[in-house]
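Computed from the coordinates by the stated procedures, all read-outs in this text should not be read as laboratory data. Predicted model, so just to flag it, every value in this text is computed and none were measured. Positions of Cβ are generated from backbone atoms using ideal geometry, with glycine treated the same way; all protein chains shown enter the neighbour counts.
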Amino acid sequence: MSWVEINKQQLIKSLKKDLPDIDLINNLKGEHQLASSSMPHEVVSVNNQLYKIFTKLKKITLQPYYLGRAVGDTNDFKKHRLSLQFIEQFKDSLPSIVVNQKAEQLFLYSRNIWSDSIISVKGEVDSPCLTLVYNEQGDFLGAGFAMTDDLTGMGKREVIKNLVDIGKYLRVEREK
């Protein structure tokens with residue numbers, strides 16, 4: 001596997017297609033963003049010290065298998081998907097919801113969340129915003145995009161769009 005540097009501003013622009021008003025993607029830690037050669041391309045962020053070590057290794061034709069902090073992945077470099085590790089580092093500053101067991105199962109199959117499936121909401125939801133999703137036991141399931149301020153309002157309606165969930169990794173393995 002090899003790594004190539006990608007443009008940070010281009011990455012941010014791509015991520016903003018799904019997350020238009022989210023400040024956390026502007027907080028990419030690390031001065032350099034690299035993409036792996038494997039499919040889907042893993043995108044990582046590295047600081048200057050690690051990047052210097054990486055360039056020295058690259059000169060002697062060594063390529064590390066793992067590198068930096070995961071930001072997301074992409075198939076075509078036009079649309080990127082945030083990684084769970086990247087999103088979870090902001091758990092103290094993002095709103096979160098707890099969903100019932102049926103919604104948990106559906107969410108893990110990339111389905112969206114309906115208002116009648118939400119048990120509780122923690123934090124302030126200002127639509128549109130990134131929202132963390134947990135099950136009743138407190139396990140982190142993934143992240144969604146709140147499409148409205150009122151997540152538990154009257155009626156049955158879609159309120160959270162699934163962006164990434166822990167079931168993604170199982171689905172990717174099955175597709176190989």
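Tabulated results
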read-out	value
Long-range HN-HN contacts of Glu136 with modeled amide H, under 5 Å	Val99
Thr152, Thr61, Thr131 arranged by Cβ crowding within 10 Å, fewest neighbours leading	Thr61, Thr152, Thr131
Where chymotrypsin sites (Phe, Trp or Tyr not before Pro) fall in DSSP loop in the stretch 73-169, at most 13 other Cβ within 10 Å	Tyr109
Structure-based [θ]222 nm, the chain - -39500 (n - 2.57) summed over DSSP H runs of at least 4, per residue, nearest 500	-6500 deg cm²/dmol
Loop-exposed GluC sites (Glu not before Pro) per DSSP, neighbour cap 14 Cβ within 10 angstrom, longest uninterrupted part of the chain	32-123
Local net charge near Ser36, Cβ-Cβ under 10 Å (Lys/Arg +1, Asp/Glu -1)	-2
Under the Karplus curve 6.51 cos²θ - 1.76 cosθ + 1.60, θ = phi - 60°, whole-Hz ³J(HN,Hα) for the stretch 120-126, x wherever Gly or Pro sits	8, 10, 10, x, 8, 9, 10
